[in-house]
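The values are calculated or read from the model by the stated rules, or taken from the named source; none is laboratory data. None of the values given here were measured: they were computed from a predicted structure. Cβ atoms come from the backbone with ideal geometry, glycine included; neighbour counts cover every protein chain shown.
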Amino acid sequence: MMRKKMIMVLFSIIVLVSVAMLTFANKSIDKKMSAGNKIAVVYVDGTITGGHGASGLLSESGGTDSLIKQLHEASDDASIKGIVLRINSPGGSSTATEEVGEEIKKIRAKGKPVVTSMGDMAASGGYWLAACTDKIYANPTTLTGSIGVYMPYSNWEELYKKIGIRQEKIKSGVHKDILSNDRPMTEEERVILQTMVDEIYQGFVEVVAEGRHLDIETVKKIADGRVYTGKQAKELGLVDEMGNLYDAIDGTAQMVGIHGKPKIKEYGKNNPFSMLMSTSDKAELLKTLLLNVPAENDVKSVVPMAIPEKW
Amino acid sequence: MSSILETLYDLFAKPKEAFQVIVSEGRLSKACQIVLFSTVISSLATYANVFEGSSKGAIVFAQIVCSILIWGFSVSIWHLLAELIGGRGSVKRLLTAIGFTYFLQLLVVPIYLIANFFPTVGFLLIMIATLIVAVWSIVLGILAICEVYQLSGGKATLVYFLPVLIFVGIFIVMIFTASAFFMSAASDIIANPPQF
């Protein structure tokens, strides 16, 4: 009887110790073994917008809040030696882009390199982020550049007259209804907005000049808002190397002195459980397309950043 | 009342005698404790390196809920089938007996630890251990049905596997039905292509 009990107590102890070692000790062993051997991959997909984006039960995606959080985590993880930013974005809000760009600069200042790998497109705000990194990889056909700023504005005054709509406003200041679509823009308003656009453009040019080690005048010559292919961008000095995501990972590994294949830690990739518990970007996109008629001053998905998403 | 540790030991060494004790005593609360303890420990070991933070908590919780649901659901189905086949016994006692078999899951836990230190053969070790535990669980499940409903080994095996056979049968019928439907629809579309 006693022997049976002893065996089972021993077995229970073995099981509990095994679980404890698997849960706690193994983590520290793993950390020690793989310390400084990892490269993080952080994804920047779609239009860059501020805020939370689409929130699910376990995750949130789409907004720069989650992107900054991922960058923070990668920065704080001692086992990660370098970060690859996989950009596939047409741009977005200037404020959100600037916020992420500043975060990238902070990570670099701590001594952790950040390298960009461009996907199909890294234009405007997408390029702004790329310019904040140490090295840029692009594919020959990647669409990039679009260094510039614009504010979309439509004047629907004539249409309103035809359908008998006349908007009345009670406003606190002369410029409170700036960019109103029911009247023409005044010269004074145009000057105000042009000053804003110029200021943001100047900031963009400075980020590119600083990041790419070019002088301001050279950047201004190529920053007329046009898009470039990856190949053209390399000739202009906007891109360092031609290559895909894995070339960028290998390049980062070499940069930080990892010998052999680095371990890759992907951020923002959903596991099946979080996919089940989170909202779908596609569903959100479909909802947006089907239910929301775009307002006249919405930022279109392929325009450069520099204005808030909605006015 | 026998000691729980002795009963669990007998479940490894002398399962038939162990089930006689388990069925005669019918300690359902002990079976619940074993199911919970075994599920929590084995999920912690399984997902030790897979998920972290809140995801791990959620997955362990989901595993516990699933284990309890599967436990209750499979026992109720087996009880129904055993009664239909002519067995006479209590569903509570079958629930208790099957609950005790969950303890077998714990056998794999030390294997996970060993596999963790020998990654090259680790996966194979885990597969072999899981297979052994799975086969042993089936044997214990059949023995439990035998003991609770006083059925022969053949009948108890039939009761154990009948739900699986029914499920596989339904699945095959569904596959054939769906294939037939899609083939019929596809042939209609080929014969009368839509006009735009």
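Are any residues in segment A:106-125 part of a loop (DSSP other than H, G, I, E, B) and either on the phi > 0 side of the Ramachandran plot or of a type in the set (Val, Ile, Thr) (or both), and if so, which ones?
Within segment A:106-125, A:Gly111, A:Ser124 meet the criteria.
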Practice item. Return a yes/no flag: does segment A:246-258 have any residue that is within 14 Å of chain B (Cβ to nearest Cβ), modelled with pLDDT of 50 or more and out of contact with any Phe, Trp or Tyr (no Cβ under 7 Å at 6 or more places or on another chain). Key: no
Revision key, fill the gap. The helices (runs of 4 or more DSSP H) lying entirely within segment B:105-196 that contain at least 3 residues which are under 30 Å from A:Met21 (Cβ atoms) are B:108-117, B:119-149
Review point. Here is a list of conditions, (1) of a type outside the set (Gly, Ala, Ser); (2) part of a loop (DSSP other than H, G, I, E, B); (3) closer than 24 Å to A:Arg86 by Cβ, and A:Gln167 meets all of them except one; can you say which number that is?
Key: (3)
**Study point:** Those residues of segment A:180-225 which are β-branched (Val, Ile, Thr) and under 30 Å from A:Leu159 (Cα atoms), in sequence order
**Key:** A:Thr186, A:Val191, A:Ile192, A:Thr195, A:Val197
Point to revise | Where B:Ser54 falls short, out of the listed (1) surrounded by 17 or more Cβ atoms within 10 Å (Cβ to Cβ); (2) modelled with pLDDT under 85 | key: (1)
Check your understanding: Consider B:Ala62 against the criteria (1) exposed (fewer than 14 other Cβ atoms within 10 Å of the Cβ); (2) away from chain A (no Cβ under 13 Å); (3) within 18 Å of the chain's Cα centre (by Cα); (4) not acidic (Asp, Glu): it satisfies all of them except one. Which criterion is unmet?
Key -> (2)
Check your understanding: Are any residues in segment A:119-138 out of contact with any Lys or Arg (no Cβ under 8 Å at 6 or more places or on another chain), modelled with pLDDT of 95 or more and over 26 Å from A:Val197 (Cα atoms), and if so, which ones?
Key -> A:Lys135, A:Ile136, A:Tyr137
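Considering A:Thr141, A:Thr133, which residue is touching a residue at least 60 places away in the same chain (Cβ under 8 Å), surrounded by fewer than 15 Cβ atoms within 10 Å (Cβ to Cβ), of a type in the set (Val, Ile, Thr) and part of a loop (DSSP other than H, G, I, E, B)? Break it down into steps so the answer makes sense when it comes.
On the way: A:Thr133 fails: surrounded by fewer than 15 Cβ atoms within 10 Å (Cβ to Cβ).
Of A:Thr141, A:Thr133, the one residue that is touching a residue at least 60 places away in the same chain (Cβ under 8 Å), surrounded by fewer than 15 Cβ atoms within 10 Å (Cβ to Cβ), of a type in the set (Val, Ile, Thr) and part of a loop (DSSP other than H, G, I, E, B) is A:Thr141.
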Study note, to complete from the structure: Being touching a Cys at 6+ places or on another chain (Cβ under 8 Å) and in contact (Cβ under 8 Å) with a residue 60 or more places away in the chain narrows A:Val219, A:Val207, A:Val239 down to just A:Val207
Point to revise | Residue identified as more than 9 Å from chain A (Cβ to nearest Cβ), in a helix (DSSP H, G or I), in contact with a His (Cβ under 9 Å, 6 or more places away or on another chain) and modelled with pLDDT of 85 or more among B:Leu95, B:Leu80, B:Leu84 | key: B:Leu95
Point to revise | From the options B:Gly122, B:Gly141, residue that is surrounded by 11 or more Cβ atoms within 10 Å (Cβ to Cβ) and either under 30 Å from B:Arg93 (Cα atoms) or modelled with pLDDT of 85 or more (or both) | key: B:Gly141
